[in-house]
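Right, one structure below, let's go through it.
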Amino acid sequence: MHYRSIRLATAALVAVSTVAALPAARAADLPDYLKLITGTTPPAAVDLATRNELQLNTSMFALYESAARVFQKNIMAKHPIILALFSGAGGRMILYKPGQAPVDAPSPPRRYQVMKSLGHSTLAISEVVLPYLDNAADKSWMAPMRAYLTENKSALEGIDAADIPAEWRANSRTIIENNIAYMEECLSKGVITADSVQAYAKKQVPFLRHAINWAASTQVEHWMGVLDKWKAELGPDWDKAYAASNTIYVARQNNVLFSVLAQYFGPDAINDRLMLIETMGFTTTPDEMLTSMTRIISDRSVGGLFFNSPHLMDFELMGGDARKTIVSEMKKRGKEPFLPPAVPFGSKQWPALISGGSGPASLDDIK
């Protein structure tokens with residue numbers, strides 16, 4: 001802290017403590033520079049009492065954080081941990097062995113990133129054009145499109161030297177050529193029409209399907225090779241390993257990294273030693289993931305200690321009673337409650353949608 005800040009803080013503390021010690025009768029005799037900042041209104045008894053009760057919860061978080069550091073140290077000293085983190089490079093996997101430095105697995109081959117970039121290139125164009133459909137008066141889309149057109153032309157020039165298999169080049173070239181042709185068409189007409197966007201999307205779909213398939217296959221094959229190696233290294237300790245993958249909402253269903261991990265951990269580990277942790281962002285730091293995993297595991301001791309059910313704390317603790325209240329409140333309103341079936345604590349069910357509904361469930365199902 002700066003020296004002047006220390007002096008100001010000290011002076012304020014002295015002033016407050018001095019005023020607090022003064023009898024009420026002398027308050028009127030205070031100098032003007034103290035009158036300006038003094039004076040309080042005693043809180044109502046109910047407000048003071050409530051504040052003291054709420055402080056217990058506020059302080060709990062500090063105690064919880066302190067204990068969590070100890071829990072994490074103890075867990076990592078006894079159990080291997082694998083973190084599978086989303087990244088633009090096809091994911092990141094880290095192996096923590098007890099008593100050893102963490103091991104970062106190599107990233108998937110760069111051809112994964114190239115295929116994903118090609119797929120995203122068409123999405124980028126749609127982001128540029130969709131806000132301006134059939135709006136000839138607004139030309140603000142033209143400058144970013146010209147810049148992206150230049151980038152696509154550079155990508156096309158280098159496609160034959162890109163780090164991808166030779167048999168993927170023709171498809172990749174076509175995606176970029178279609179991008180360029182569509183952007184040049186839009187720029188020459190000076191307007192973006194709904195019909196042109198739909199025609200462009202329909203034209204790209206067959207080629208995007210190949211790029212998506214190649215990217216997914218590259219990613220899965222790579223990570224299964226990594227897990228083959230790690231499982232062999234850990235031997236019997238694999239059966240006491242924990243693993244977690246992060247996901248945002250849109251990547252929750254068919255999450256690639258979690259699905260790969262599940263093949264090695266098996267059904268009995270799901271929601272027990274293998275966790276899918278939802279987050280707000282695409283990327284999550286390893287420390288954030290370890291903190292979240294530690295909290296889940298350590299809370300199970302609370303569930304077992306107080307409620308005789310270790311996995312109870314994996315669920316919303318008040319959810320059961322809230323569910324009963326929802327049912328009763330809906331009946332008061334003469335309506336049927338709309339709730340999912342109650343799921344037992346410790347369920348090994350896949351942590352995503354696994355049944356119900358109709359319609360396409362994959363790209364192959366969409367006509």
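Each reported figure results from applying straightforward, stated rules to the coordinates on display, with no laboratory input. The shown structure was predicted, so the numbers you read here are calculated from the model rather than taken from an experiment. Heads up, the Cβs are rebuilt from the backbone with ideal geometry, glycines too, and the neighbour counts pull from every protein chain shown.
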Requested in this report: Name the long-range amide H neighbours of residue 274: under 5 Å, sequence gap of 5 or more, or other chain; modelled H, no Pro or chain starts.
Outcome: 243
Query raised in the report: If a helix is a whole DSSP H run, which ones in the chain reach 20 Å or further along their own axis (Cα) and hold a mean Kyte-Doolittle hydropathy of at least 1.0?
Result: 3-21
Query raised in the report: So how far, in whole Å, is the C-alpha centre of segment 273-298 from the one of segment 54-113?
Result: 7 Å
Query raised in the report: Rg (Å, one decimal) plus Dmax (Å, integer) for the alpha carbons of segment 196-300?
Result: 17.3, 59
Query raised in the report: Which aspartates and glutamates, on any chain, are close to residue 332 with Cα under 20 Å apart, when same-chain ones fewer than 8 places away are left out?
Result: 321
**Report entry** Total formal charge among the other residues, if their Cβ is under 11 angstrom from that of residue 245, Lys/Arg +1 and Asp/Glu -1
**Finding:** +1
Requested in this report: Give the whole-number value, in cubic angstrom per residue, of the convex hull volume spanned by the C-alpha atoms of segment 87-156.
Outcome: 124 Å³
Report task. Determine which lysines satisfy two conditions relative to residue 35: a Cα distance under 21 Å, and not lying fewer than 8 residues away in the same chain. Result -> none
Report task. Starting from the Cα of residue 335, draw a straight line to each of the lysines and keep only those under 26 Å, dropping any in the same chain fewer than 8 residues away. Result -> 324
Requested in this report: Would you please put 110-118, 351-359 in order of how densely packed they are, using the mean number of other Cβ atoms within 10 angstrom per residue and starting with the highest?
Outcome: 110-118, 351-359
Query raised in the report: With springs only between Cα atoms under 10 Å, which of 284, 294, 41 fluctuates most in a Gaussian network model of the chain?
Result: 41
Query raised in the report: Given H placed 1.01 Å from N in the peptide plane, which residues other than close sequence neighbours of residue 192 have an amide H under 5 Å from its amide H?
Result: 134, 135
Report summary line: Among 153/367; 116/189; 78/116; 78/229; 73/231, the pairs whose Cα-Cα distance exceeds 28 Å are 153/367; 116/189; 78/116
Requested in this report: Could you sort 254-262, 64-72 so that the peptide with the highest average Cβ count within 10 Å comes first and the rest follow in order?
Outcome: 254-262, 64-72
